[in-house]
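Step one of this worksheet: look at the structure below.
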Amino acid sequence: MSTSTKNSNFATNSKSNSSSNHPLRIALIRQKFRFDGGGERIVSHISDILSSHGHDVSLIARQWEGTNSSVLKCNPPKWTRVQRESLFAKQAITISEQENFDLVQSHERIPGCQVYRAGDGVHRCWLEERSRKMSGWRRWLLFRNHYHRYMLAAEKSMYEDSRLKCVICNAQMVADEIQKHFAIDPANLHVIYNGVDTTRFHPKLKKYRTRVCNELQISPEQSIGLFVGSGWERKGLTQAIRGLQASPELSLIVLGRDKAQYAFEKLAAKLGVQKQIHFAGVQSDVASYYGAADFFVLPTLYDPFPNSILEAMASGLPILTTTKCGAAEMITNGENGYILDSLDDTGWQNVMQKCSNREQCRSMGLQARSKVEPFTYDAMQQKLTALYDQLLNGND
């Protein structure tokens, strides 16, 4: 059966199978799957939801670990970044066609899928934000880079492919960007926020503050900020370091890793704030660090919706983030956090200085907790289930 014929019969076949209570065969595509990745946790939740409704779910992946799904290996050569993306995309779609799946959902930018989860946002928007800090010639080179040109073309091809039935967005910001930049029916864009474990991430984690402070040799009387994530250029660690300059009474814990860590340490020394920053590396027990902190800071250049912000809010921390972070949709300035432009040096110093008031942080953190309480895994599951029921019964 040709690809076009197979997809034109998608709604009819799915409706017939669903009404007969026959399990549908569904493929989820993700290049690398590790049990501890944020995006991968979403893939696992989606797989569990579909499997719990009796569907047969397979993962098409290059590498994987810690998944209960059956796996179809897709590991073509990858000598360059472009080949890594393009050859995987081509082979993954070929496998899905050969296996004759009823529904193909990709978590990578792959033309030909029927459902796409836009967890990485819009590549063009990321490049635009990244280029704001660059000189004219570097900006010119950025947009002419072979890898970025491939990603931009693949993104446009995927969003404007007639086979695409549905896009799951984890923030309204992402849905708005897709609608702005691509010829796509707005009715195909569905905003479903991620869920967070509000039992595990809770203000009661404050009990770990003394232990963490002792480990990192921080005074528990100080106000402590927390930064979580890897890829520190995009996450805005430079801005967080600069924000400490006006507040010698603040400490900042940095969780995660980056190959350029030495450059960030050097910047901190240059600015005279090296004693205020504590690089704690990758931690398996992130929850205790939320408990140790007074506020959460993420001056990201561009981030669709980091799970770390939901976890921090659930743990009772006010959030400092940017206008190009999807999580800003959860923040009301001065109530449960602050929203700034990622390049506003003075603004970041001002709001971080405000966070030296621990009592104010505690009050704002309780409002952050209240805001995020409805965003549970159960709430996410209900919305995803309703969407899949609509798709698999041919009502798209």
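The values are calculated or read from the model by the stated rules, or taken from the named source; none is laboratory data. Everything quoted here is computed from the prediction, not taken from an experiment. So basically every Cβ, Gly included, is an ideal-geometry build from the backbone, and we count neighbours across all protein chains shown.
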Restricting to region 166-189, what's the tally of residues that are within 22 Å of the chain's Cα centre (by Cα) and part of a loop (DSSP other than H, G, I, E, B)?
3
Quickly run through region 36-60 and pick out the residues that are among the acidic types (Asp, Glu) and modelled with pLDDT of 85 or more.
Asp48, Asp56
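Taking the condition free of Cβ contacts under 8 Å to residues at least 12 places away in the same chain, over 25 Å from Glu128 (Cβ atoms) and of a type in the set (A, V, I, L, M, F, W, C), does Ala386 pass? Steps first, please.
Details: free of Cβ contacts under 8 Å to residues at least 12 places away in the same chain: yes; over 25 Å from Glu128 (Cβ atoms): yes; of a type in the set (A, V, I, L, M, F, W, C): yes.
In short, yes.
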One residue is enough: does region 313-322 have a residue meeting the conditions of a type in the set (Gly, Ala, Ser), under 14 Å from Asp294 (Cβ atoms) and in contact (Cβ under 8 Å) with a residue 12 or more places away in the chain?
yes
Would you confirm whether any residue within region 285-305 is hydroxyl-bearing (Ser, Thr, Tyr), free of Cβ contacts under 8 Å to residues at least 60 places away in the same chain and assigned by TED's automatic domain parsing to the domain that holds Asp341?
no
Go through (1) under 21 Å from Thr198 (Cα atoms); (2) over 15 Å from the mean Cα position of the chain (by Cα) one by one and return the number of the condition Lys354 breaks.
(1)
Scan region 141-162 for residues that are among the aromatic types (Phe, Trp, Tyr) and part of a loop (DSSP other than H, G, I, E, B) and jot them down.
none
Taking the criterion of being of a type outside the set (Phe, Trp, Tyr), surrounded by fewer than 16 Cβ atoms within 10 Å (Cβ to Cβ), in a helix (DSSP H, G or I) and touching a residue at least 40 places away in the same chain (Cβ under 8 Å), would at least one residue in region 124-140 satisfy it?
no
Does Ser69 qualify as being modelled with pLDDT of 95 or more, surrounded by 17 or more Cβ atoms within 10 Å (Cβ to Cβ), touching a helix residue (DSSP H, G or I) at 6+ places or on another chain (Cβ under 7 Å) and among the hydroxyl-bearing types (Ser, Thr, Tyr)?
no
If you go through region 292-328, how many residues are in contact with a helix residue (DSSP H, G or I) (Cβ under 7 Å, 6 or more places away or on another chain), within 16 Å of Val196 (Cα to Cα) and assigned to a helix (DSSP H, G or I)?
9
Checklist (1) polar (S, T, N, Q); (2) buried (at least 16 other Cβ atoms within 10 Å of the Cβ); (3) modelled with pLDDT of 95 or more; (4) more than 23 Å from Lys324 (Cα to Cα) applied to Ser363, failing item
(2)
When (1) touching a Cys at 6+ places or on another chain (Cβ under 9 Å); (2) under 30 Å from Glu128 (Cβ atoms); (3) in contact (Cβ under 8 Å) with a residue 60 or more places away in the chain are applied to Tyr338, the one that fails is (3)
Residue check: is Gly347 buried (at least 17 other Cβ atoms within 10 Å of the Cβ), in contact (Cβ under 8 Å) with a residue 24 or more places away in the chain and of a type in the set (Gly, Ala, Ser)?
no
